[in-house]
Amino acid sequence: MPRQTNMAQQEDVFKKIVSHCKEYGFVFPSSDIYDGLGAVYDYGQNGVELKNNIKQYWWQSMVLLHQNIVGIDAAIFMHPTTWKASGHVDAFNDPLIDNRDSKKRYRADVLIEDQMAKYDEKIDKEIAKARKRFGDAFDEAQFRATNGRVLELQQKRDALHERFQKAMNANDLDELKQIIIDEEIVCPISGTRNWTDVRQFNLMFKTEVGSTAEGTSTIYLRPETAQGIFVNYLNVQKTGRMKLPFGIAQIGKAFRNEIVARQFIFRMREFEQMEMQFFVKPGTELEWFSKWKQTRMAWHQALGFGAENYRFHDHDKLAHYANAATDIEFHMPFGFKEVEGIHSRTNFDLSQHAKYSGKKIEYFDPETNESYTPFVIETSIGVDRMFLSVMCHSYCEEQLENGETRVVLRLPAALAPVKLAVLPLVKKDGLPEIAQEIVNDLRFHFNCKYDEKDTIGKRYRRMDAIGCPYCVTIDHDTLNDHCVTLRDRDTMEQHRVPIADLQSIIEDKVSITSLLKKLL
Ligand code: ATP
């Protein structure tokens, strides 16, 4: 299939996923009746259940499965010095550039990254053409190494990459602008190259705390949850009598005034993070870094979306605090994108907080009788990006044998918002009462939904569309044999099972425990 068509199709699929999210109560634009607020979203009745299940899967994999990891829930507002110490006040910036004709604002680094992706696309196109021409005899490695056009494109891409890295590492804003000019990058809206200079833009939201009568002070909405963990390191270590290595996990909101709001819930101004900071003995951090890379990848892959849809992307430009960093990227409809970051943050944060607070933030090692500042490995994943990856992978339009199509969300059963739909075939003859009894009984074990409206076919479709893994239908035979028809969402196979067995058949398959067991 030609690449262009493929990309257009992917875009089309993504649009469908976004509207599906709204139509079926997963995600709504914030303040929808006022036409929304840029890059802010609300989760609806099904979205909140899916989101809670994702959080539960993460939380339990950290806190239940690890004796040496505990959780906290720190406040969003923090003492303003926190952000001075962490470096966010001075350095949490993105380089922005405006196009004077369209008045649109862009991230300069993203414009350049997109340009590199264009070179990659051109190379891929050449390869696809050659593959078609040579068929089975095609040797991609040889073609890459010898084809003049590919070599030329690769050389341009590599040169651009090197120049870009240098400019980013040196924070050289003039050079970033010069790259944009030299590469003849145009604004996608106006099509012109009428660019302003590149400026730094701090992504933190500011607000005031205290009433004016008492005087106010400026504080920030936290741009990451991690700092709430660092400032509580001493509290948790002492009160929990924690011994190194140990971790502190937290789930909570974070806020970033992102310059460009794109791709639905991929880049939001208010979002949620699940972060775990793992404190280790200095010198052992790279070993732990590699351990956590594997552990986190296994967590993602246990969902069964296929190993080929994930990859690590090691950072070229390390943040000021890191000595190693990688992203776990997932294959979204708009390409491989970061879902999680794993960073070796050295002892930077704890040392900075010690310096700014004047407190001694160290660990006394009873084995060596020395005190030192622990090093930290961080795993940081966005709940919303994880949600998006789950949605994108699960959304499926299926052509059925009878010529109809159905939209089905093939969600992992443990994450599905509703686990079982209980459907009386008709609204009379005592069938609704039996259905209600089943719900009353099973609701203590998992999320059940009663539905009696419309034909059974329409009800199945509604449940497929929200990813409900099982439906049971109560019919007239149920009155005598106390059995119901159990339908599987994915295979659409149906078989009769005793009401008394429903809990044991379903519970195991839909519980978070079933996922957690895959991790051991
Ligand atoms: P990006 O490069 O995409 O801006 P980042 O590298 O700044 O992301 P981190 O600071 O490492 O992101 O944050 C950790 C995780 O938090 C990310 O992997 C992502 O899942 C999530 N995240 C970060 N920014 C946003 C955002 N604006 N909206 C939604 N999720 C986000």
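For beta carbons closer than 9 Å, sequence separation of 6+ or different chains, a first residue in the stretch 460-479 that is under 12 Å from M492 (Cβ atoms) and assigned to a helix (DSSP H, G or I) and a second that is among the aliphatic types (A, V, I, L, M) and open to solvent by less than 30 Å² (accessible area, probe 1.4 Å), the qualifying pairs are Y460/A421; Y460/L423; R461/V408; M463/V418; M463/A421; M463/L423; D464/V408; D464/L409. If you go through the stretch 314-327 and keep only what is touching a residue at least 40 places away in the same chain (Cβ under 8 Å) and either within 11 Å of the ligand (Cβ to nearest atom) or not assigned by TED's automatic domain parsing to the domain that holds P374 (or both), you end up with just K317.
In the stretch 29-46, is there at least one residue being open to solvent by less than 10 Å² (accessible area, probe 1.4 Å) and among the β-branched types (V, I, T)? The answer is no, given that none of the residues of the stretch 29-46 is open to solvent by less than 10 Å² (accessible area, probe 1.4 Å) and among the β-branched types (V, I, T). Scan the stretch 299-330 residue by residue and report those that are open to solvent by 50 Å² or more (accessible area, probe 1.4 Å) and in a helix (DSSP H, G or I). Listed by number, the residues that qualify are Q301, A307, E308. Exactly one residue out of V339, V260 is assigned by TED's automatic domain parsing to the domain that holds H20, part of a strand (DSSP E or B) and within 11 Å of the ligand (Cβ to nearest atom), and it is V339.
Taking the listed residues E275, E270, E285, the one that is assigned by TED's automatic domain parsing to the domain that holds H66, in contact (Cβ under 8 Å) with a residue 24 or more places away in the chain and farther than 24 Å from Y57 by Cα is E285, with no other qualifying.
Here the stretch 166-225 is the region considered, the condition is being hydroxyl-bearing (S, T, Y) and loosely packed, with under 12 Cβ neighbours inside 10 Å, and the residue that is modelled with the lowest pLDDT is T212. Screening S344 on (1) of a type outside the set (V, I, T); (2) open to solvent by less than 30 Å² (accessible area, probe 1.4 Å); (3) part of a helix (DSSP H, G or I); (4) in contact with a helix residue (DSSP H, G or I) (Cβ under 8 Å, 6 or more places away or on another chain) shows it passes everything except condition (3). Counting only helices (runs of 4 or more DSSP H) that fall entirely inside the stretch 26-91 and contain at least 2 residues that are under 21 Å from the mean Cα position of the chain (by Cα) and either at positive phi or of a type in the set (F, W, Y) (or both), the qualifying elements are 45-59.
What residue, among those in the stretch 218-240 that are more than 16 Å from T346 (Cα to Cα) and part of a helix (DSSP H, G or I), is nearest to the ligand (Cβ to nearest atom)? Across the stretch 218-240, the extreme among qualifying residues is G228. Any idea which residue in the stretch 367-399 is farthest from the ligand (Cβ to nearest atom), counting only those that are in contact (Cβ under 8 Å) with a residue 60 or more places away in the chain and more than 29 Å from the chain's Cα centre (by Cα)? Within the stretch 367-399, the match that is farthest from the ligand (Cβ to nearest atom) is Y372.
The values are calculated or read from the model by the stated rules, or taken from the named source; none is laboratory data. Keep in mind that what you see is a predicted model, and the values were worked out from it rather than measured. So basically every Cβ, Gly included, is an ideal-geometry build from the backbone, and we count neighbours across all protein chains shown. Accessible surface is based on the protein model in full, side chains and every heavy atom, while ligands, DNA and RNA are left aside. Shrake-Rupley method; radii C 1.70, N 1.55, O 1.52, S 1.80 Å.
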